[in-house]
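The values are calculated or read from the model by the stated rules, or taken from the named source; none is laboratory data. Keep in mind that this is a model prediction, so the values were computed, not measured. As a convention, Cβ positions derive from the backbone with ideal geometry for all residues, glycine included, and neighbour counts pool all protein chains shown.
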Amino acid sequence: MIITSEYVDIPAEDSPMRLFVAAPKQAGRYPGIVFYSDIFQLTGPMLRSCARLAGYGYVVAAPEIYHRREPAGALIPFDDEGRTRGLEDAAQTPVAHFDSDCRATLGYLAAHPLVAPGKLGAAGFCLGGHLSFRAGLQPQVRATVCFYGTGIHNGKLGKDADAGSLQQAGQIKGELLLVWGTRDPHIPAEGRARIAAELGKAGVIFSQLLCDAEHAFMRDEGPRYEPQATDQAFGEMVNFFQRIFA
């Protein structure tokens, strides 16, 4: 499917927020997906993931998660200095800001002329995997994919000491797909087990995919990229969304 892409600035409380929006070129009504980046914002790997998903028939909106701290269009480099910068930006962002930005992006998608009514979902990588989990707390989100979401198991997200995401899991009305790398030191086996146990207690419908890979294995730049595991995980996401939004 041929797609189009553009950058759109939308209001988000006290600060404009830039979105990268990829969508099918063909007229129609499609599900809308808010797609969260890792700590490096809208880099090449993230834009390629958005375009790839849009090509399956989705309107994909990826927000700049640090728009209150970084200038519009800022790309954080994949090096030690960039990692420190991205983590510091995260540490200075209250969870309430992440949540309000989520609602703003979902509102944009709900009003988009190509988005079918009632068909909203979320996905994200790393810190964005945690943000997509929190997007699932919004009642209009029907399907959520979390790729190696950091901090879900221990509450670490942004400026808050504990985001309490797992404790709020009972608010999730849609279905979850959780994708993990089994060699990911940021989300150990006991962390994955805690997430599964708490989701089960909360009555959330979820499934998990375990890949023999490290953290950030889907980022197609850098030494941890696993093409085969990436294709498997991406395919699981597409199948998951297609089933939910059929």
Hey, any hits in the range 189-198 for a residue that's within 19 Å of the chain's Cα centre (by Cα) and in contact (Cβ under 8 Å) with a residue 40 or more places away in the chain?
-> yes
When restricted to Gly44, Gly73, Gly28, the only residue of a type in the set (Gly, Ala, Ser), surrounded by fewer than 21 Cβ atoms within 10 Å (Cβ to Cβ), at pLDDT 95 or above and within 16 Å of the chain's Cα centre (by Cα) is Gly44
Flagged pairs (Cβ under 8 angstrom, 6 or more apart or on separate chains; first in the range 67-91, more than 20 Å from Glu13 (Cβ to Cβ); second hydroxyl-bearing (Ser, Thr, Tyr) and in a loop (DSSP other than H, G, I, E, B)) are Leu75/Thr43; Ile76/Thr43; Phe78/Thr43; Gly86/Tyr66
Subset of the range 17-34, residues among the charged types (D, E, K, R) and outside any strand (DSSP E or B), comes to Lys25, Arg29
Pairing a residue in the range 202-216 that is on the phi > 0 side of the Ramachandran plot with any residue that is modelled with pLDDT of 95 or more and among the aromatic types (Phe, Trp, Tyr), where Cβ atoms lie under 6 Å and the two sit 6 or more apart in sequence or on different chains, gives none
The strands (runs of 3 or more DSSP E) lying entirely within the range 81-184 that contain at least 1 residues which are over 22 Å from Phe234 (Cα atoms) are 115-125
Of the listed residues (Gly118, Gly128), the one being within 10 Å of the chain's Cα centre (by Cα) and at pLDDT 95 or above is Gly128
Across (1) under 24 Å from Ile3 (Cα atoms); (2) under 19 Å from the mean Cα position of the chain (by Cα), Thr93 clears everything bar (1)
Those residues of the range 154-169 which are loosely packed, with under 14 Cβ neighbours inside 10 Å and either touching a strand residue (DSSP E or B) at 6+ places or on another chain (Cβ under 9 Å) or under 17 Å from Gln138 (Cα atoms) (or both) amount to Gly164, Gln167
Contact list, first residue from the range 111-133 and of a type in the set (Val, Ile, Thr), second anywhere and in a strand (DSSP E or B), beta-carbon distance below 6 Å, six or more apart or interchain, is Val115/Gly32; Val115/Val59
Considering the range 1-23, residues that are at pLDDT 95 or above and in contact with a Ser or Thr (Cβ under 8 Å, 6 or more places away or on another chain), and then whichever is surrounded by the fewest Cβ atoms within 10 Å (Cβ to Cβ), we arrive at Ile10
Contact list, first residue from the range 222-246 and in contact (Cβ under 8 Å) with a residue 60 or more places away in the chain and over 18 Å from Val141 (Cβ atoms), second anywhere and among the basic types (Lys, Arg) and outside any loop (DSSP other than H, G, I, E, B), beta-carbon distance below 8 Å, six or more apart or interchain, is Phe234/Arg52
State yes or no: is Thr150 among the polar types (S, T, N, Q), under 16 Å from the mean Cα position of the chain (by Cα), closer than 27 Å to Arg29 by Cβ and at pLDDT 95 or above? no
